[in-house]
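Laboratory data are not the source of any read-out in this text; all were calculated from the coordinates shown. None of the values given here were measured: they were computed from a predicted structure. Here the Cβ positions follow ideal geometry from the backbone for every residue, glycine too, while neighbour counts run over all protein chains shown.
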Amino acid sequence: MQTTPMPEIEQPGAGNSAFMLDPQGYPNEFPVKIWVTELDSDLVTPAPAKQRIWLESPDKRTHSEQFQQCILALFSDVHFTRVIVRPFGIRMAPPPRHLRKIVSIDHHIWFHQSVDPRRPILVDTECKQLGAGRGVVQSEMYAHDRRLVATVVQEGRVEIDPHVRLPSPKL
C-alpha cells in the first residue's frame, strides 16, 4: 500500500518547532488546540495557498474509534477554507470588512487508519484549484507517529466586496 509520507516537521513544543499555540483558537469555544506557524492577524500580504497546522483535542477522555472519527471530522473543518483566501492576503481574524462570506460547499473525508485525537495531528493543506470565487482544498492528516490517517477534500465559496481591488493571487 502506497501512502503519502508525512512532511519532515517537528511537533509543537519539540525543540526548535516553529509552531505556536494560536491564541485566537476557534470560534464558539470549539474544543481544539491549534498550533500555527503564523497568526492569522499577521497575514496582510499574499501568501501561497498552503498551510500546515497541528490540532489536538483538549478532551483527554478515552473514546470509541467511531467517536474519534467524529472528532477528526470536526477537526477537518478547522482552517481549511482559510487557505483559499491566503493568495489574496486576506486574513480571517479579525475579518476584514470586504470579506462578505466564506462557506464550505462540499466536504469529503476518507479515514485510512484510526487515530487518537488527544495526541497532536498534523494537517497539511493546499488549495489545488482557485477561481471564480471558489477553491478546492485538499488536506492530508497525520498522526503524531507519522501515519497518514485521513485525506480530506473540501470546496469553499468566497464572496468579497466587488469594489475592493485585490492583489493578484500567488498560486
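Worth pointing out:
- 17 Å Cα-Cα reach of K33 towards aspartates and glutamates, excluding residues that sit fewer than 8 places from it in its own chain: E10, D22, E56, D59, D77, D116, D124
- Computed from label points 7 Å out along Cα-Cβ, the spacing between K128 and L74 is 2.8 nm.
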